[in-house]
């Protein structure tokens, strides 16, 4: 990423819009167990005119990590997590994240097209899975701790590995993968699946960020250093938005409505990427 393509806003209005967008994304995504990368990347890509490369992925993942910590800690205090499931899933998620960075390096200049194409597939999959969950008569949130359940460790780790890989490649927290995987292979309720998903992000995303930064060029590192002020402000706004969003969501929004919010946000991003790929084809 060149100096002219770094996190530099042309006007104060543009800067304010980016900051406001980051805050709103964190606020909206925290209650649904997502890190916000699904929208952080397009916000910075379109709003700040940044190319989709390793540097942008690292910045987006940093914001995603802040959301996961701000929201994950709030979920932990409420008891919305399962440590056994989290530890098992990390066995697959961490190697997956490292593999994902390797894929990004190998893709090089082809990353933009591959990024959006894979994103579309994942978004459609997430919409289908979430829709089925809403329409099914799954277990209620009140009986999650009263019945015996068996964790399907192998399937859980394979699903988490997929999430870890996509986290590094798409700069997402991978909640779109972790949440349904946790629900399907651990029997956790929506709330606990969301909280456990955030705990996975709290470990996996920082690993992905550090690994991405290890592979960017010296000029890209210099560009990041020049924007240190913006890079400090964005995580701060992200953290505040995530904490407020998590507290509001857990207190006032039902699980069914949380999933509907998730579907709406996912559909918006899906339409945006379809539009982009349509332009490339034409």
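Among the listed values (i) 79, 49, 43; (ii) 52, 41, 34; (iii) 57, 36, 36, the one matching Cα extents along the principal axes in Å as calculated from this structure is (iii). Tell me the angle of helix 83-107 to the major Cα principal axis of the chain, expressed in degrees between 0 and 90 and rounded to the nearest ten. The answer is roughly 30 degrees. The packing ranking of peptides 75-81, 195-201, 272-278, highest mean first, is 195-201, 75-81, 272-278, where packing means the average number of other beta carbon atoms within 10 angstrom of each residue. Within the listed set 55, 211, 113, the Gaussian network model of the chain (springs between alpha-carbon atoms below 10 Å) gives the highest mean-square fluctuation for 113.
The angle between the Cα long axis of helix 111-135 and the main principal axis of the chain comes to about 20°, on a 0 to 90 degree scale.
Relative to the current alpha-carbon distance between residue 112 and residue 218, full extension at 0.36 nm per residue lengthens the span by 36.0 nm.
For the chain, the relative contact order is 37 percent, taking Cα pairs closer than 8 Å that sit 6 or more residues apart in sequence and dividing their mean separation by the residue count. The sum of -39500 (n - 2.57) across all DSSP H runs of n ≥ 4, divided by the residue count of the chain, sets its helix-only mean residue ellipticity at 222 nm to -26000 deg cm²/dmol. Largest GNM mean-square fluctuation among 226, 150, 84, using the chain with Cα springs under 10 Å: 150. The stretch between residue 184 and residue 99 holds 28.2 nm of extra length on full extension. This uses 0.36 nm per residue minus the Cα-Cα distance. For the options 122, 194, 134, a Gaussian network treatment of the chain with springs between C-alpha atoms closer than 10 Å singles out 134 as fluctuating the most. In degrees between 0 and 90, to the nearest 10, how far off the longest principal axis of the chain does helix 153-170 point, with axes built from Cα atoms? For 153-170 against the chain, the angle is about 20 degrees.
Under the simplified labelling scheme, the residue 233-residue 210 pair shows an inter-label distance of 2.9 nm, with each label point 7 Å from Cα along Cα→Cβ.
Read-outs: derived from the displayed coordinates by stated rules, not from any lab. What you see is a predicted model, and the numbers here were worked out from it, not measured in a lab. Cβ coordinates were reconstructed from backbone atoms using ideal geometry, including for glycine residues, and neighbour counts include every protein chain displayed.
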